[in-house]
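The values are calculated or read from the model by the stated rules, or taken from the named source; none is laboratory data. Note that the structure is predicted; figures quoted are calculated from it, not measured. Reconstructed Cβ throughout: ideal geometry from the backbone, glycine too, with neighbour counts over all protein chains shown.
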Amino acid sequence: MENGSSQDEAREAPAPPTTGLILQLLRQAYPRLAKELLRPLLAIMASARAICGGDAQKSEILMLIAMRSVEHPDFAKLSYEEISSGTALSYRSLSTNIRSIADSAGMPRETVRRKVAELTAAGLITRKGNALSLHPAASPVIGPLREALLRLAAQNYELVSAVLKPAAGERNEPSGSGGESGG
């Protein structure tokens, strides 16, 4: 009897889609996804460039340093209010230095060195020896970038959920609307 009840439970509980199935569904919906996701991605890039006075290389360096700062385990301990207001005492970073940024971004080290000096002078990053991290005072300045990123995350969630929902419904509902429909 135990096997019968676990089979019933398996039928009742919808199985989460596998990564392969998710990618297949997202590829099928790619024209819609591209149209709806590229705009907020471009907004993020434009926001980062605006913070850096239109300098795309400097904005890429700032985002790389920010990424490595938020990847540090101590960052997860901060509240959104501490982050957005800039009241955190400091942000640590994961092994971020001019060489690692130059390698990640594919930029000459001298270019990175010059842009890092500009970002440091602007108070957006902190340099302790060779270690670079986002400066907490940068948080209010990069607020538009953070908000654009949050909007992108929300839009990704809504869009991907909408793309996957019909497929999950077809798979999990025995009396579904029948058949595959292209979207």
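Being out of contact with any Asp or Glu (no Cβ under 7 Å at 6 or more places or on another chain), assigned to a loop (DSSP other than H, G, I, E, B), of a type outside the set (Val, Ile, Thr) and free of Cβ contacts under 8 Å to residues at least 40 places away in the same chain is the filter here, so list the residues in region 73-108 that pass it. If you could, list the steps in order and put the result at the bottom.
Quick first cut of region 73-108, residues out of contact with any Asp or Glu (no Cβ under 7 Å at 6 or more places or on another chain) only: 73-87, 89-91, 93, 95-104, 106-108.
From what is left, the residues that are assigned to a loop (DSSP other than H, G, I, E, B) are 78-79, 86-87, 89-91, 93, 95-97, 106-108.
Going one step further and asking which of them are of a type outside the set (Val, Ile, Thr), we end up with 78-79, 86, 89-91, 93, 95, 97, 106-108.
Those that are out of contact with any Asp or Glu (no Cβ under 7 Å at 6 or more places or on another chain), assigned to a loop (DSSP other than H, G, I, E, B), of a type outside the set (Val, Ile, Thr) and free of Cβ contacts under 8 Å to residues at least 40 places away in the same chain: 78, 79, 95, 97, 106, 108.
Take residue 182 and tell me if it is surrounded by fewer than 16 Cβ atoms within 10 Å (Cβ to Cβ), part of a loop (DSSP other than H, G, I, E, B) and modelled with pLDDT of 90 or more.
Considered against the rule, which asks whether it is surrounded by fewer than 16 Cβ atoms within 10 Å (Cβ to Cβ), part of a loop (DSSP other than H, G, I, E, B) and modelled with pLDDT of 90 or more, residue 182 comes out as no.
If we scan region 36-43, do we find a residue that is in a helix (DSSP H, G or I), without any contact (Cβ under 8 Å) to a residue 60 or more places away in the chain, of a type in the set (Gly, Ala, Ser) and out of contact with any Cys (no Cβ under 7 Å at 6 or more places or on another chain)? Spell out the reasoning first.
Filtering region 36-43 for residues in a helix (DSSP H, G or I) gives 36-43.
Adding the requirement that they be without any contact (Cβ under 8 Å) to a residue 60 or more places away in the chain leaves 38-39, 42.
Next, only the ones that are of a type in the set (Gly, Ala, Ser) stay: none.
Taking every residue of region 36-43 in turn, none turns out to be in a helix (DSSP H, G or I), without any contact (Cβ under 8 Å) to a residue 60 or more places away in the chain, of a type in the set (Gly, Ala, Ser) and out of contact with any Cys (no Cβ under 7 Å at 6 or more places or on another chain).
Condition check: in contact (Cβ under 8 Å) with a residue 60 or more places away in the chain and small (Gly, Ala, Ser). Does residue 161 satisfy that? Before you say what the answer is, go through the steps one by one.
Working: in contact (Cβ under 8 Å) with a residue 60 or more places away in the chain: no; small (Gly, Ala, Ser): yes.
So residue 161 fails the test.
Name the one entry in 32, 99 that is surrounded by fewer than 18 Cβ atoms within 10 Å (Cβ to Cβ) and at pLDDT 90 or above. It would help to see each step written out before you state the result.
Values: 32 fails: at pLDDT 90 or above.
So the residue among 32, 99 that is surrounded by fewer than 18 Cβ atoms within 10 Å (Cβ to Cβ) and at pLDDT 90 or above is 99.
Considering (1) in a helix (DSSP H, G or I); (2) out of contact with any helix residue (DSSP H, G or I) (no Cβ under 6 Å at 6 or more places or on another chain); (3) within 15 Å of residue 63 (Cα to Cα), say which one residue 111 fails and leave the rest.
Status for residue 111: all satisfied but (3).
Would you please name the residue that is surrounded by the most Cβ atoms within 10 Å (Cβ to Cβ), looking only at residues in region 136-158 that are among the small types (Gly, Ala, Ser) and in contact (Cβ under 8 Å) with a residue 12 or more places away in the chain? Walk me through it before giving the result.
Within region 136-158, the subset among the small types (Gly, Ala, Ser) is 137-139, 143, 148, 153-154.
Now drop any that are not in contact (Cβ under 8 Å) with a residue 12 or more places away in the chain, which leaves 137-139, 143, 148.
Numbers: 137: 14, 138: 24, 139: 21, 143: 16, 148: 20.
So, considering only residues that are among the small types (Gly, Ala, Ser) and in contact (Cβ under 8 Å) with a residue 12 or more places away in the chain, the one surrounded by the most Cβ atoms within 10 Å (Cβ to Cβ) is 138.
Exactly one condition in (1) assigned to a strand (DSSP E or B); (2) at pLDDT below 90 is false for residue 132; which is it?
The one condition residue 132 does not meet is (2).
Go through region 47-62 and count every residue that is part of a helix (DSSP H, G or I) and touching a residue at least 60 places away in the same chain (Cβ under 8 Å).
6
Starting from residues that are among the β-branched types (Val, Ile, Thr) and out of contact with any strand residue (DSSP E or B) (no Cβ under 7 Å at 6 or more places or on another chain), keep the ones in region 50-74 and report whichever is surrounded by the most Cβ atoms within 10 Å (Cβ to Cβ). Before the answer, list the steps.
To start, the set of residues in region 50-74 that are among the β-branched types (Val, Ile, Thr) comprises 51, 61, 65, 70.
After this cut, where a residue has to be out of contact with any strand residue (DSSP E or B) (no Cβ under 7 Å at 6 or more places or on another chain) as well, the list is 51, 61, 70.
Values: 51: 22, 61: 28, 70: 15.
So, considering only residues that are among the β-branched types (Val, Ile, Thr) and out of contact with any strand residue (DSSP E or B) (no Cβ under 7 Å at 6 or more places or on another chain), the one surrounded by the most Cβ atoms within 10 Å (Cβ to Cβ) is 61.
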